[in-house]
Every structure is written in structure tokens, then in C-alpha cells.
């Protein structure tokens, strides 16, 4: 398994509109893409080859809502691009790494994604992202 690059850094926010305004007006960055995925509103802000993924929960009971309730706003996860996500998951599982997603699922931009358990990744929620959407 070879990690190609950091695909994005996910940041949990209380209010997506104000977070977008900060990145656009204070940092001079553009909002590239927005979508709603389940109970999350998401906006992508490109910075060089890496995206900042701003994530607002539409439900207090959602993953991001619970994260913000426990830890407040801030970095939620780091996502790495891989060529073959199924092979990467198989190898990591064989190496004893706990997987949140045993099977890749559809993420933002229609790409396949899977999360690794933070207890096995030095406390950092880690996401693998397929290089190309399927």
C-alpha cells in the first residue's frame, strides 16, 4: 500500500456559512465544491494540492454533531489518497489495524472512502480515499 498524498483535512464546524466566510474573506481562499452527505453539509477549500473539508452536522446525533459536543470544533480527520482502497484495507486489517469501515463506502465527490480506528492510528481518525471515483 502506498499513500499518494494527503487528500484533505476534515474540520468539524458549528456553522458552515461562517466557516466558509472565514476561509474566503480572511484567508482569501475559494470554496471549490459543496455537497450534503447524509447528516452533514460539506464545503471543500483547496489549499495547494490539499483540500480543507469543512463539515457541519445537520443533527446533534450525527457523527460530527457528537464530535463537536465532546471535543468542540476542530480537526476531525486526515484523509490520504490511495490507488487501491480494497487492497489497502486488506493489508491494514492483516497487520492488525482496526477498521471502522471493512468495506469502502461512497464519500464526497463520489469517491470510495474508508476510515481506520483512531485507537490504532495514534489517536488520529484516518480516512483512506480512492484516487478515482467509481
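Every read-out reported here was derived from the displayed coordinates using simple, explicitly stated rules and does not represent laboratory data. These numbers come from a predicted model, not from an experiment. Positions of Cβ are backbone-derived with ideal geometry, glycine not excepted, and every protein chain shown enters the neighbour counts.
Numbers below:
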| quantity | calculated |
| --- | --- |
| Length-normalised contact order of segment 1-60 in % [C-alpha pairs under 8 Å, at least 6 apart] | 39 |
| Rounded if a/c under 1.5, otherwise prolate or oblate - segment 1-81, Cα gyration tensor axes | oblate |
| Calculated FRET efficiency for the pair residue 86/residue 3, C-beta based, R₀ 22 Å, to 0.05 | 0.90 |
| Using alpha-carbon coordinates, inclination of helix 85-94 to the longest axis of the chain, degrees | 60 |
| Relative packing of peptides 110-123, 16-29, 49-62 - highest average C-beta neighbours within 10 Å first | 49-62, 110-123, 16-29 |
| DSSP bridge orientation in the chain - percent antiparallel, rounded to nearest 5 | 70 |
| Mean Cα-pair separation over length for the chain, i.e. relative contact order, pairs under 8 Å, 6 or more apart, % | 25 |
